[in-house]
Amino acid sequence: MGGEVMIRRSRKYRKRFACGHRGYGRYCHRCADRAARRRAAWRVRQTQRRVWQETFSDDPIELRHLPPAIAEKTRQIVSALEQGTGHWQLAGKRLSVREVISIPVTYRYRLLCREEGDRVVPVKVMSHEDYNPLANSSKRLRHSVLRYNRRVK
């Protein structure tokens, strides 16, 4: 350990920065480091959000308006329907308009499907609050569900 001597600066050269911290440099390193960490976290969140938004391009129905957990559960139900699982195995039931099937996604959300031949085609996901008036009125149900054309991937 050579004859290195650490020189200590006196307090009179210390500055008070605009943020309120004190130090010897040209800027507050504490605030600069915090800002750099925030920018890095923001970039990570943006990439995660972009990846999440890209997952919606493969969905047969619109799921962007749903919370992430509900969207994932809906995707599981739709894939089960595509694999040939019966709607009764997913706790689905027919409504007053017999070609319309309602499958509960969670306690608060329902997936409305239309039966076309031997296939069950998902039409839209809605909250239970929006679902109740449709389920009680066959006229609204016909207008809301049966007007959708079949979407081709």
Kirkwood Rh and Cα Rg combined as Rg/Rh, the range 61-145: 0.93
From largest to smallest, what semi-axes in whole angstrom does the range 1-82 give when each is the square root of 5 times an eigenvalue of its alpha carbon gyration tensor? 55, 15, 9
The range 20-74 versus the range 90-139: alpha-carbon centroid distance in Å: 35
Hey, in the GNM for the chain with a 10 angstrom Cα cutoff, which one of V120, V44, V100 fluctuates hardest? V44
K139: which lysines have alpha carbons under 27 Å from its alpha carbon, excluding same-chain residues fewer than 8 sequence positions away? K93, K124
Against the longest alpha carbon principal axis of the chain, how many degrees, from 0 to 90 and to the nearest 10, is the axis of helix 29-54 turned? 20
Using alpha-carbon coordinates, inclination of helix 68-82 to the longest axis of the chain, degrees: 40
Kirkwood Rh over alpha-carbon pairs of the range 11-53, then Stokes-Einstein at 4 °C and 1.567 mPa s: what D in µm² s⁻¹, rounded to an integer? 105
Taking the simple approach of a point 7 Å from Cα along Cα-to-Cβ for both R14 and R140, what is their distance in nm? 6.8
When a/c is below 1.5 the answer is rounded, else prolate if a/b is larger than b/c, else oblate, so apply that to the chain with a ≥ b ≥ c taken from the square roots of the Cα gyration tensor eigenvalues. prolate
Is there a quick way to get the dipole size of the range 61-145? I mean about its Cα centre, with the Cβ of Lys and Arg at +1 and of Asp and Glu at -1; what is the value in debye to the nearest 20? 240
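Bear in mind these aren't lab numbers, they're just calculated from the coordinates by the rules spelled out. Owing to the predicted nature of the structure, the values given are computational and were not obtained by experimental measurement. Note that we place each Cβ from the backbone using ideal geometry, even for glycine, and neighbour counts take in every protein chain shown.
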